[in-house]
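A.B. asks: Below is one structure. I have some questions about it.
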Amino acid sequence: MANASTDTSTTKSAAGVKRPVDKDATGTKAVVSAANAFLNTLDADQQAEVLLDLTEENATAWSNLPCGSSCRPGIELGSLTDTQLAAAQQLLKVATGTGKGSGYDQITQIIKADDVLASVQATSSAGTGPAPSDAASSTASADPSATASASSTATDAPTGTPPSGGTGGGGSFGYGSGLYYMAFLGTPSADGTWQLHFGGHHLAVDLTYKKGKVAGASPFFIGVEPTSWTADDGTTYTPLEEQRNGMLALTGSLSTEQLATAKLSGTYNDVLLGPGEDGQFPETKEGIKVSELSPKQQKLVLKAIYPWVSNVDDATAKKLMKTYAHELNETYVGYSGGTALDTQGDYVRIDGPGVWVEFVCQNGLVIQGKVHYHTVYRDHTRDYGSEFSFS
């Protein structure tokens, strides 16, 4: 992907201006206040990196790849001071969900996983032996809270050779917690239209605000390699456990006859609606219609959807889930490969009038002999706050 447009024709004039902060604000006003607090820690040049125009080119410039600033706009976390980084983290806390294993907590775990990859890759590159098969004891300690087609073959492999490791600092390719980027597409305000655009390898957060409300909480891409690891302090991390468990409970509830109906015609090595696939929803829904499931199974569908929707603030997530529950009878569940979600090509999809969720297993790229996960949450009508029309 070519460099994203960083046209600042309508936002550059806003750089360098001291912005109001209201520590008592709630809802979207609290998000705007936190965004302003972050901007106030930046100099004029840094603000110009963050404040970009809300254009289709900028909004759709996200990727699952470790391709740094070559595939996404914004300011690099690794370039920030401790004070600036803390302000950026506070913004993410305010804007995203508060649940354990979701929202901000999940975002931090995905970023931690990138430090694990950087450590594994550095160890391997240093000639101390092959990359471990499970990364069970990571030496990575960076803590962000403190410091295709039906036969798609897309992977995490960048188009260049990643550096041996590290946690940030200007490289186009590589792994590490510093190689994540934050941008505001449009100027944060409680009555205008703007987007909080944040991401890096295996993460894309796109929250669009209009007239004081969240108009879209998607696309939301999350993946992870390794799928689990134990840090030096003894903490075990499983960033996508809630997503995987929800899908396992859902598919595990299906009878043999229901599984036959839910089986998709295609095979999948990656999510279908990943980066660059905006608006490319299949014309015909496949799988088993949720209206054909028992009430208990229908509840499992909603429970499976929720971990993705909860990336956004709790109140907005609740409203979205009410919408998806209302649309449940017209929603479909499908799968390809196996349903255990432990083998290359295991794939599950939930496709409704609004909601679209995919979960797929890929073979490990850096950590051989293990699968890693790619997932994406989209909405047929609310992606990017409905700002753009995709044919």
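The values are calculated or read from the model by the stated rules, or taken from the named source; none is laboratory data. None of these values were measured; they are calculated from a predicted model. Quick note on the areas: whole protein, heavy atoms, side chains included, nothing else; ligands and nucleic acids left out. Shrake-Rupley method; radii C 1.70, N 1.55, O 1.52, S 1.80 Å.
A.B. asks: Kindly report, to the nearest 10 Å², the accessible surface of F281 as traced by a 1.4 Å probe over protein heavy atoms only.
C.D. replies: 40
A.B. asks: Which entries in the list K210/K263; K318/K370; K112/K289; K211/K303 go over 32 Å, if you measure between the two C-alpha atoms of each?
C.D. replies: Details: K210/K263 39 Å; K318/K370 35 Å; K112/K289 38 Å; K211/K303 30 Å.
Correct reply: K210/K263; K318/K370; K112/K289.
A.B. asks: Another question about this same structure. So how do D22, D278 rank on accessible area, 1.4 Å probe, biggest first, that is with the largest at the start? It would help to have the intermediate numbers written out before the result.
C.D. replies: Details: D22 80, D278 20 Å².
If we order D22, D278 from most to least accessible, we get D22, D278.
A.B. asks: Could you tell me the distance between the Cα centroids of region 347-391 and region 90-108, to the nearest Å?
C.D. replies: 19
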